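To start, the structure under review is shown below, and the notes come after it.
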């Protein structure tokens, strides 16, 4: 968790726990273990702030706002962990050596994984019902959808739909703004990044901004649009060229309606100010730096779930920096491998 995000009613953010962990560790571990072992739960842990997140650009009604509970410690995770410890849930594994995954949670995007059995589906449903009771929030199952493995029998699929009361079939399309499936031409898949940046840039009043204003918009807004995607995947050169073109057109255009006259090649403004440039980021180099940061986490934090997952799949008996050939590797892993290529 980011150190300065999602503060509780007492004003304490994750930064406090990160810096004072040596002091509060024993008490906090005792609190969590008392819940996992005995079911003891202090009601004050449910006291939280409610944040209203708009579903549309300019909300005018309460139905256009989504209430989000900003909890520092997610009780839902504790329930899933307990179910895994009691062998009620097994989650899924990509390989025997990889850790099992039973849930992925981020704000209002939630993914739950279990075996396609009536018993495990009932466990998931029971956890969600308990979550409703504890938080006083009703889960909208109409927004849920199933994603079955290709070996699951059609009769079993219908039975599990009845168990959970979910009729929608298929994934969410995207998770955290990234497409669920990355099969096919990568230039076409990642074109949404270009569309997003183009839509953002077209709304900026270029003719009303000074060069200083444009510099701020490019450095702190335009470059931030593809940051999350580039932290996970290597964007094709075609996509980064189009992103760079959109940014350079905004910089050189005087009216916002035309590309303007480009007085120098874009690599010149991307130089540091001490070298006569403006310090704009080269997107290809920025992409490499973000992927290198993730690769560094694989090396320096080997006990993390992120590292254990990749290690079990790709470099079980070696090092992530070694030139490893893997059959049918994911595009995420191939993006990491491109750093040494």
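Since every read-out is calculated from the coordinates, none of them should be taken as a lab result. Everything quoted here is computed from the prediction, not taken from an experiment. Quick reminder, even Gly has a Cβ in these numbers, built from the backbone with ideal geometry, and neighbours come from all protein chains shown.
Multiply the residue separation of residue 64 and residue 263 by 0.36 nm, subtract the distance between their alpha-carbon atoms, and state the gained length in nm to one decimal.
67.1 nm
Give the dimensionless ratio obtained when the Cα radius of gyration of segment 181-307 is divided by 2.2 N^0.38 Å.
Output field value: 1.17.
For a Förster distance of 25 Å, can you work out the FRET efficiency between the beta-carbons of residue 181 and residue 155, rounded to the nearest 0.05?
With a Förster radius of 25 Å, E is 0.45.
Any idea what angle helix 75-85 forms with the longest principal axis of the chain, computed on alpha-carbon atoms, 0 to 90 degrees, nearest 10?
60
Does anyone have the angle between helix 154-164 and the longest principal axis of the chain? Alpha-carbon axes, 0 to 90°, nearest 10?
Rounded to the nearest ten degrees, it is 80.
Please report the relative contact order for the chain, taking Cα pairs under 8 Å with a sequence separation of at least 6, and give it as a percent rounded to a whole number.
Answer for the chain is 11 percent.
At a 10 angstrom cut-off on C-beta neighbours, averaged per residue, how do the peptides 280-291, 179-190 rank from highest to lowest?
Per-residue Cβ counts within 10 Å, averaged per peptide and sorted highest first, yield 280-291, 179-190.
Suppose a student asked you for the relative contact order of segment 165-323, using Cα pairs under 8 Å spaced at least 6 residues apart; what percent would you report?
19
Do you know the relative contact order of segment 77-172, to the nearest whole percent, from alpha carbon pairs under 8 angstrom that are 6+ apart?
22
Over 21 Å apart: what share of the alpha carbon pairs of segment 145-217 falls there, rounded to a whole percent?
Every Cα pair in segment 145-217 considered, those over 21 Å come to 56 percent.
Take segment 77-172, drop everything but the C-alpha atoms, weight them equally and run the Debye formula without solvent; then report log10 I(q)/I(0) at 0.10, 0.14, 0.19 Å⁻¹ to two decimals.
So the normalised log intensities are -0.26, -0.53, -1.02.
Note down the nm distance, to one decimal, between modelled labels 7 Å out along Cα→Cβ at residue 142 and at residue 115.
3.5
Treating each Cα of segment 181-235 as an identical point scatterer and ignoring solvent, apply the Debye formula and state log10 I(q)/I(0) at q = 0.15, 0.17 Å⁻¹.
-0.51, -0.62
Averaging over all projection directions, find the projected area of the Cα convex hull of the chain and quote it in nm² with one decimal place.
Spelled out: convex hull of the Cα atoms, projected over all directions, averaged, 22.5 nm².
7 Å from Cα along Cα→Cβ at both residue 16 and residue 126: what's the point-to-point distance in nm?
Using points 7 Å along Cα→Cβ, the separation is 3.5 nm.
Run the numbers for residue 219 and residue 306: contour at 0.36 nm per residue of separation, minus the present Cα-Cα distance, in nm.
28.4 nm
How tilted is helix 118-135 with respect to the longest principal axis of the chain? Cα atoms for both, answer in degrees (0 to 90, nearest 10).
Orientation of helix 118-135: about 80 degrees from the principal axis.
Return the ratio Rg/(2.2 N^0.38 Å) for segment 124-251, where Rg is computed over Cα atoms only.
1.54
Could you tell me the calculated FRET efficiency between residue 174 and residue 34, based on Cβ-Cβ distance and R0 = 35 angstrom, to the nearest 0.05?
0.35
Gap in Å between the Cα centre of segment 90-106 and the Cα centre of segment 185-252?
35
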